[in-house]
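Below is one structure, written out as structure tokens; the observations come after it.
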There are 2 protein chains.
Amino acid sequence: MPSGPAAHADPARAEVGLNAVIISVDGTTPKLLTVERQPHEDGLPSGHLDDTVDRTLEQGVRRLVGRETGLPVRYFEQLYTFGDRNRVPGGRSLAVAYLALVRHQGVQGEANPSWRSCYELFPWEDWRDGPPAALEGSVVPALERWLACAQPGELSTRQERAELTFGLGHARWDPVRVLDRYELLYELRLVGEAAPVDGGPGPGLGLPLSLDHRRIAAAALERLRGKLAYRPVVFEVLPETFSLSRLQQVVEALAGQVLHKQNFRRLVGSANLVEPTGEWDQRTGGRPAELYRFRREVLRERPAPGLGLRRLGGP
Amino acid sequence: MPSGPAAHADPARAEVGLNAVIISVDGTTPKLLTVERQPHEDGLPSGHLDDTVDRTLEQGVRRLVGRETGLPVRYFEQLYTFGDRNRVPGGRSLAVAYLALVRHQGVQGEANPSWRSCYELFPWEDWRDGPPAALEGSVVPALERWLACAQPGELSTRQERAELTFGLGHARWDPVRVLDRYELLYELRLVGEAAPVDGGPGPGLGLPLSLDHRRIAAAALERLRGKLAYRPVVFEVLPETFSLSRLQQVVEALAGQVLHKQNFRRLVGSANLVEPTGEWDQRTGGRPAELYRFRREVLRERPAPGLGLRRLGGP
DNA sequence: CAAACTTATACTCTGGATGAGCATATCCCC
DNA sequence: GGGGATATGCTCATCCAGAGTATAAGTTTG
């Protein structure tokens with residue numbers, strides 16, 4: 001914020017870019033929206049702040065998402081502002097990134113928007129069917145090479161970092177540390193945006209995006225997973241009514257982890273975030289499930305009590 | 001981020017402002033640095049991004065802090081980007097706010113920098129000597145008036161929000177919810193920046209700052225208190241060596257809460273964040289205290305294990 | 001139609017972390 | 001050397017998260 005009207009040397013007016021990481025859950029798959037930025041190169045929906053119409057940053061993002069996707073966004077949250085001069089070719093571009101949550105629905109438009117599984121971008125993040133193949137197959141060997149070529153003094157530090165980041169050794173996998181993991185893989189040149197190292201495994205892990213967009217997506221997934229535990233954000237990707245099993249399914253999809261069913265129910269119940277509707281879902285294939293509704297009043301009670309999952313507890 | 005070089009209609013170039021909330025601890029008082037922006041009006045150190053010298057946003061803040069205060073900053077963290085068009089008089093100003101931590105030392109300069117107690121700005125946030133006077137004296141009565149004039153449907157919602165935000169009724173005081181509290185007080189017109197309501201208490205609670213700077217400071221304190229629990233940030237305001245009591249004192253100052261001494265030690269010990277130096281502080285006035293040093297290696301182990309205070313546990 | 005299976009829901013047990021108190025050690029000051 | 005103050009070590013109760021077991025209420029199948 002300027003100390004005065006800053007009349008003199010025109011201090012660095014910068015273009016204000018906006019990026020949106022739009023996330024939804026389709027069945028059991030968490031998805032994010034990409035657009036075609038070049039032929040055969042996808043990236044996040046992006047645009048610029050337009051001073052003539054956007055009163056706030058969030059309104060700018062809202063306009064941008066509307067234009068590129070037409071999706072009705074149910075939740076916005078500012079993620080981070082990127083301002084490195086060398087971040088994009090051609091000089092400074094300041095970009096404010098937002099996380100947006102929507103209920104899943106189809107999209108089409110001239111920018112070729114499409115839904116991508118989050119785990120297409122981050123194949124090592126989905127532990128619902130046990131340790132992901134990408135971990136054992138690519139990450140662990142690469143980590144071992146990285147440890148092998150460490151300076152003697154660095155070794156224990158590298159080792160500890162690797163174990164904590166990827167939950168190896170004694171450490172437990174922490175679903176939230178998405179960005180840490182992406183950045184370590186970037187250092188290891190295991191993801192496509194980083195130029196592959198000689199003799200490294202060919203194409204790189206996961207689907208690359210333009211520029212640093214996959215990094216931004218990692219930050220978004222990290223933020224979302226973190227928030228699941230202490231803010232009621234899941235409900236923004238769910239329909240009006242849902243069974244508790246569906247709620248758990250969606251949380252598991254986003255967290256990339258299976259949860260203990262009974263304990264999940266206990267927590268949801270004690271958090272007082274949902275109320276029964278009296279209706280029942282008959283299409284379960286077993287005993288019908290009661291349908292619940294999010295008690296949206298809790299959003300007014302500002303310190304929203306959260307889902308109760310204090311730590312995303314895995315099995 | 002631009003889809004192309006954006007040559008055409010010059011999409012909304014904005015001035016990029018920078019704000020810094022510089023925090024340290026002086027004895028048992030957490031302090032933040034203000035500068036004189038107008039005669040008799042203090043605010044946060046602010047400036048603009050300078051494209052010719054600042055390669056990154058953080059470098060811009062570093063330069064700004066250096067110019068206005070000369071303080072050596074030990075930790076930077078981006079807080080939030082404010083972009084409302086009507087935020088400051090005279091059109092859009094985009095401002096990126098940063099939290100900065102320094103070891104305490106004197107400052108002087110032409111902008112009249114001075115250290116202010118955080119609790120001069122937020123008198124209701126310091127619970128170390130029991131419930132703060134400002135709570136009982138001003139906040140609670142104002143909350144009761146606010147509840148009294150609620151619509152019938154709103155009452156329970158308002159009540160729940162008031163209780164959760166300020167730890168009244170069954171709810172416990174949560175040291176982290178600094179911003180929630182400030183914003184509620186702003187709505188109640190209890191803080192000086194908001195125009196006083198008719199019949200409201202005169203001057204408003206706490207020291208006001210320019211524009212929305214006190215709100216930014218609240219966001220900073222909230223972030224810092226939150227981080228105390230899971231990232232080793234306290235050490236950035238402490239000297240190289242310190243006793244465990246001093247460490248606890250500083251945490252208590254920032255958290256605005258007294259902690260159980262024995263449990264604090266247990267946690268610090270198990271978190272493995274500090275190591276004994278073998279030296280002893282003789283000036284304790286009692287049994288000498290062993291001096292410890294932060295194991296700075298843990299910062300390399302990226303998912304920094306945190307202080308162990310999973311919740312800032314009060315008595 | 002009954003057995004087998006699937007899914008939902010309820011209750012119990014256990015280990016660990018957290019909150020709180022008691023006890024001891026080592027200094028200073030009088 | 002006793003009292004006060006601070007540091008440090010240990011124990012106990014409580015709560016909660018993780019994990020297991022049991023029951024209810026449907027669908028599918030022989």
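Determine the distance separating the Cα centre of the range B:129-149 from the Cα centre of the range B:90-124; give it in Å without decimals. A separation of 27 Å, based on Cα centres. Taking amide H atoms as placed 1.01 Å from N in the peptide plane, the amide H of B:Arg37 lies under 5 Å from those of B:Asp42, B:Gly43, each 5 or more residues away in sequence or on another chain.
Over the range B:123-205, the hull volume per residue, using the convex hull of the C-alpha atoms, is 94 Å³.
Copy-to-copy label distances for A:Arg74, where each label lies 7 Å from Cα along Cα-to-Cβ, are 4.5 nm in order of increasing length.
Amide H contacts under 5 Å for B:His104: B:Val25, restricted to partners 5 or more places along the chain or on a different chain, H placed in the peptide plane at 1.01 Å from N. Considering only B:Asn263, B:Pro276, B:Phe242, the residue lying farthest towards the positive end of the dipole of the range B:231-299 is B:Asn263, judged by Cα position with unit charges set on Cβ. Between this copy and the others, label points of A:Gly137 are 6.8 nm apart in ascending order, each placed 7 angstrom from Cα in the Cβ direction.
The base-10 log of I(q)/I(0) for the range A:231-299, evaluated at q = 0.15, 0.17, 0.23 Å⁻¹, reads -0.47, -0.61, -1.14 [Debye formula, identical scatterers on Cα atoms, solvent excluded]. Accessible surface area normalised per residue over the range A:231-299 is 49 Å², counting heavy atoms of protein chains with a 1.4 Å rolling probe.
Treat the range B:16-118 as a sphere of radius equal to its Kirkwood radius over Cα pairs and apply Stokes-Einstein at 37 °C in a medium of 0.692 mPa s; give the translational diffusion coefficient in µm²/s, rounded to a whole number. Walk me through the intermediate numbers first.
Working: Rh = 14.1 Å.
Once the numbers are plugged in, D ends up at 233 µm²/s.
Seen from B:Pro131, the other residues with C-beta closer than 15 Å to its C-beta sum to a net charge of -3, counting Lys and Arg as +1 and Asp and Glu as -1. Restriction of the GluC sites (Glu not before Pro) in the range A:113-186 to DSSP coil positions whose beta-carbon has at most 15 other beta-carbons within 10 angstrom yields A:Glu154. Karplus-derived 3J(HN,Hα) values for the range B:54-68, using 6.51 cos²θ - 1.76 cosθ + 1.60 with θ = phi - 60°, are 8, 6, 10, 4, 5, 5, x, 5, 4, 5, 4, 5, x, 5, 7 Hz; glycine and proline are entered as x. Among the protein heavy atoms, those of B:Trp280 account for about 130 Å² of accessible surface (1.4 Å probe, every chain in place).
Expressed as a whole percent, the accessible surface of the range A:80-174 that belongs to carbon and sulfur atoms is 47, based on a 1.4 Å probe. Expressed as a whole percent, the accessible surface of the range B:231-299 that belongs to carbon and sulfur atoms is 47, based on a 1.4 Å probe.
The dipole here belongs to the range A:231-299: it is taken about the Cα centre, uses +1 on the Cβ of Lys and Arg and -1 on the Cβ of Asp and Glu, and is about 220 debye. When the other protein chains are added to the chain by itself, burial of at least 40 square angstrom of heavy-atom accessible area (probe 1.4 Å, ligands and nucleic acids ignored) affects these residues of the range B:160-184: B:Glu160, B:Arg161, B:Leu164, B:Arg177, B:Asp180. The mean accessible area for residues of the range B:16-118, using a 1.4 Å probe and ignoring ligands and nucleic acids, is 39 Å² per residue.
Could you work out the mean count of beta carbons from other protein chains within 10 Å of each residue's beta carbon in A:15-23?
Details: counts 9, 11, 5, 2, 1, 0, 0, 0, 0.
Mean shielding count: 3.
Across the identical copies, the 7 Å label point of B:Pro152, projected outward along Cα→Cβ, sits 8.1 nm from its counterparts, in ascending order.
Percent of C-alpha pairs per 10 Å bin in the range A:178-300, short distances first: 11, 33, 24, 18, 12, 2, 0. Chains B and A together bury roughly 5200 Å² of accessible area, counting both sides, with a 1.4 Å probe on protein heavy atoms only.
For the range B:39-83, a drop of 50 Å² or more in accessible area on going from the chain alone to the assembled protein chains (1.4 Å probe) is found at B:His48, B:Leu49, B:Asp51, B:Arg55, B:Leu57, B:Gln78, B:Thr81.
The values are calculated or read from the model by the stated rules, or taken from the named source; none is laboratory data. Since this is a predicted model, take the numbers as computed values, not measurements. Here the Cβ is made from the backbone with ideal geometry for all residues, glycine too, and neighbour counts use every protein chain on show. When the accessible area is computed, the model is the full protein with side chains, heavy atoms only, and any ligands, DNA or RNA have been set aside. Shrake-Rupley method; radii C 1.70, N 1.55, O 1.52, S 1.80 Å.
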